[in-house]
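A short write-up of the structure that comes next.
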Amino acid sequence: MYLARVFFRLHGYLQPISKTQASLVSRLIRTQNEVRYYWQVTAAPQSTSCHWQLQEECLELSYGGLVMHFDYVWLRDHCRSASCYNSKTNQRNLDTSHVELNIRPANTRVDDENLFLTWPEGHVTRYNLSWLAQNSYERQKQRAMQPRIIWNSDIYTNAKVSSANWDKFMTCDDELKKFLRNFLLYGIAFVEGVPPTVEATETVTQRVSLIRETMYGKMWNFTSDFSRGDTAYTKLALDRHTDTSYFQEPCGIQVFHCLKHEGTGGRTLLVDGFYSADQVLQKTPDNFELLARVPIKHEYIENVSDHRNHMIGIGPVLNVYPWNNEVYMIRYNNYDRAVINTIPHDIVKRWYVAHRELTTELRKPENELWVKLKPGKVRKKRCLFIDLARKDSSLHVDIREGWGHSETRIGFQGMGKVLQNRTQTIQYVPSFSGRFSLLITGVSCMVGSPSQACGNCVAAT
């Protein structure tokens, strides 16, 4: 039924993206002053003027310059009284199935700060007006879930984003907070001075999140010997792609750390996929819409040595929040894209056209940021964290040069949701409580050497 609805909407019934929604897709924030604004706690409306009206199925509330509508069932279900909500565990006590679907308040009143609703059974619900405003649909569709700076090469280079220092990163919460801020804003962040060992790589990874175990194990050797059934285990150059698109919940962070490098080449190319997706949206909204609505299969089929795996992940190329069309994840991997059998024949050509436009944007030279990680002096022992919500999932794409010699990596995989908990634990930007659990759905830490002509590396996911 879902696919039927999708294709029904694609045949002319899908509402076009409004200009307001378009501006929310990947908020292009170019200055630090603007960034600070989005990172602050949302201020409560200053105006005390409040007007309300009981309509047939909802309460209309005008407050702080915003006209909002709240369904009566919603108002009963979200009651924050002690009997309905446990404020210690932040969990609902109320059994929603017991709420009458045709419920209406028996009495309603408003003071300067609160809305009071008395329900037919006598229960009284009190809502702070500012809380209602912040949690209304009308407010949510105007704000981004995750503030970001989307970038091309010039934007990122001119921002002069600082790297974290290994010693401070491991011992100082302020250094960790600065690192996380850069990581969440730009989708990439560096830690300098990490010792070139597997143990140090694992330690620096765990400072950010738990490590996720996959069919590769918790740690694995990553070398160009075709020991696993993947192009990444060859000496072939890799084009722009996102990793683990064949997982239904793709990994969230990838970490590269060079332990040993022999030979030439080995650079890694980073492209901010959110920037490229935003370019498609601005130029051809219909193509953006198609890439955001049509589900595509990606798969990993392995039949090498003792490894027998077949993974399938299904989802659109561009994943967006439906209430504001903000991109939060992308699956873009032409290597792992499976047979296209989820699209009717009259949609297929349109999908290819849209996919071609996104590919063109991703391949523009001005969008390329080349990074080379190589061992040497302590200051050059550099660990790169990549947000796979932009690189892998949401589209923060990396490309690799071909290898001149062999490369070995060891990998880890982790749960990126823990990043949210880590930021809360160190009281980093309290206004972000609960905002980026979907941004990072898993941690993919690839701690390895650069890509062409490398020696030994470590990888984690």
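Taken together, the values in this text are just the output of simple stated rules run on the coordinates, not laboratory data. Quick caveat, the model's predicted, so the values are computed rather than measured. When we count neighbours, we look across all protein chains shown, and the Cβ atoms used for this are built from the backbone with ideal geometry, even at glycine.
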Output ordering of 132-138, 320-326 (per-residue mean of other Cβ within 10 Å, highest first) is 320-326, 132-138
For segment 50-140, treating each Cα as an identical point scatterer without solvent, what Debye log10 I(q)/I(0) comes out at q = 0.13, 0.17, 0.23 1/Å? -0.41, -0.71, -1.30
For segment 102-113, in residue order, the Karplus 3J(HN,Hα) values (coefficients 6.51, -1.76, 1.60; θ = phi - 60°; whole Hz; Gly and Pro = x) are 9, 5, 9, x, 7, 8, 9, 8, 9, 10, 5, 10
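Nothing charged except the Cβ atoms of Lys and Arg (+1) and of Asp and Glu (-1): what's the magnitude of the dipole of segment 50-140 about its Cα centre? Round to the nearest 20 debye.
Here the size comes out at about 340 debye.
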quick shape note, segment 42-193: Cα extents on principal axes in Å, largest first -> 65, 33, 27
Could you work out the equivalent-ellipsoid semi-axes for segment 123-176, taking the square root of 5 times each eigenvalue of the Cα gyration tensor, largest first, in whole Å? 39, 21, 6
Calculated FRET efficiency for the pair E56/T171, C-beta based, R₀ 56 Å, to 0.05: 0.40
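So for V161, V191, V353, V339, fewest C-beta neighbours within 10 Å to most, what's the order?
Numbers: V161 18, V191 26, V353 13, V339 7.
Least crowded to most crowded, the residues run V339, V353, V161, V191.
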Between the alpha carbon centres of segment 305-370 and segment 119-154 the gap in Å comes to 30
Distance between modelled label sites at D346 and R267, nm, 7 Å Cα→Cβ extension: 4.7
Fraction in percent of alpha-carbon pairs per bin - 10 Å, segment 128-213: 14, 33, 26, 19, 7, 0
Please compute the modelled spin-label separation between N90 and N334, points set 7 Å along Cα→Cβ, answer in nm with one decimal. 4.3
Efficiency of FRET from Cβ geometry, W370 and N114, R₀ 56 Å, rounded to 0.05: 0.50
Counted charge near E100, where neighbours are those whose Cβ lies closer than 15 Å (Asp, Glu -1; Lys, Arg +1): -3
For segment 159-173 and segment 186-204, what is the separation of their Cα centres, given in Å? 10
What is the list of residues in segment 305-323 whose amide nitrogen lies under 15 Å from a point 7 angstrom out from the Cα of E249, following Cα to Cβ? 313-314
Run the reach check for K364 against aspartates and glutamates, Cα to Cα strictly under 15 Å, same-chain hits fewer than 8 apart removed. What comes back? D154, D239, D272, D278, D398
